[in-house]
1. Evaluate the following for residue 158: is it under 16 Å from residue 27 (Cβ atoms) and either touching a residue at least 24 places away in the same chain (Cβ under 8 Å) or in a helix (DSSP H, G or I) (or both)?
2. Considering only the stretch 114-141, state which residues are closer than 19 Å to residue 26 by Cβ and without any contact (Cβ under 8 Å) to a residue 12 or more places away in the chain.
């Protein structure tokens, strides 16, 4: 009897997302109003370095310039084997998105005084590098304290529920 293997479904392919870096400080510093997935234009040595997980999004943000969106301040470490053909670590990188999305996000950021912040960088199921860009509003100090209080109380509630079970 011959066994026939089924090809993975689209749901199985969605699970193949490989996270490179996440900007955890952004969730603390900003209130995230909307998110958008977009591509990123990279050099070969940058892709190799990303696959090694050598990326820092701590001081990164997105800027609209001449009708295009650029990722500024993201630090992709140099790839040691690239030697002569290496890339500058903090160079601005072009973000790839549809014109409608670009206009919507850029206009909201400009009109309302919001910030475009990269939340995650990952490789999708097809192996393409993607950036999850957030349209964010800066939190005040009292908002940050309130968020921490809510998280602490939720943690205590979860602990109490686990002890009952």
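1. no
2. Hits for the stretch 114-141 are 140, 141.
Read the figures in this text as sums done on the coordinates, not as results from a lab. For clarity, every value in this text was computed on a predicted model and none was experimentally measured. Reconstructed Cβ throughout: ideal geometry from the backbone, glycine too, with neighbour counts over all protein chains shown.
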